[in-house]
Amino acid sequence: MVSDDYKRVVPDEYKDLPILQGRAEVVMVIVKPDGSQFNIDGKLYDKVDLKMIIDGYNAPVTGGNFIDLVDVGFYNGKKVRVCLYWSYRIEEKMLS
């Protein structure tokens with residue numbers, strides 16, 4: 001748990017960049033371009049909400065840049081690419 005008044009010290013060379021102090025929540029709404037549904041555990045969905053917690057405590061500049069891009073709509077309409085193989089390989093290594 002991090003106290004409410006905790007601030008990450010950011011080097012002066014990054015002070016002009018967007019900085020995220022604390023955490024932010026972003027919800028990305030994903031729809032298939034062809035209008036087909038997502039099948040998740042046998043249940044069909046027209047859209048999927050991907051909830052992300054952005055950690056400014058450990059990555060204030062990276063988190064700030066990402067939130068800034070979200071705020072200006074940079075990701076709106078962008079295609080999402082998923083690499084399932086990589087995810088499964090990471091899980092295998094973590095479980096062994």
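A few remarks follow.
- Report note on the peptides 68-76, 15-23: ranked by the mean count of other C-beta atoms within 10 Å, highest first, their order is 15-23, 68-76.
- Sequence-ordered 3J(HN,Hα) estimates for region 7-19 from the Karplus curve with 6.51, -1.76 and 1.60 and θ = phi - 60° stand at 10, 7, 7, 10, x, 4, 5, 10, 4, 7, 8, x, 10 Hz, glycine and proline given as x.
- Summed side-chain charge close to Ile30 - residues other than Ile30 whose Cβ falls under 12 Å, Lys, Arg +1, Asp, Glu -1: +4
- Residues whose placed amide H lies under 5 Å from that of Ile19, excluding near-sequence neighbours: none
- Segments 31-40, 52-61 sorted - mean Cβ within 10 Å per residue, highest first: 52-61, 31-40
- Distance between the pseudo-spin-label points of Thr62 and Ser3 (7 Å out from Cα toward the beta carbon): 2.7 nm.
- 13 Å cut-off, amide nitrogen to a point 7 angstrom out along Gln37 Cα→Cβ, residues in region 44-78: 44-48
- Rounded to whole Hz, the Karplus (6.51, -1.76, 1.60) HN-Hα couplings of region 24-31, x for glycine and proline: 9, 10, 10, 10, 9, 8, 10, 10
Values in this text are rule-based calculations from the coordinates and carry no lab data. Quick caveat, the model's predicted, so the values are computed rather than measured. Virtual Cβ from ideal backbone geometry, glycine too; neighbours counted across all protein chains shown.
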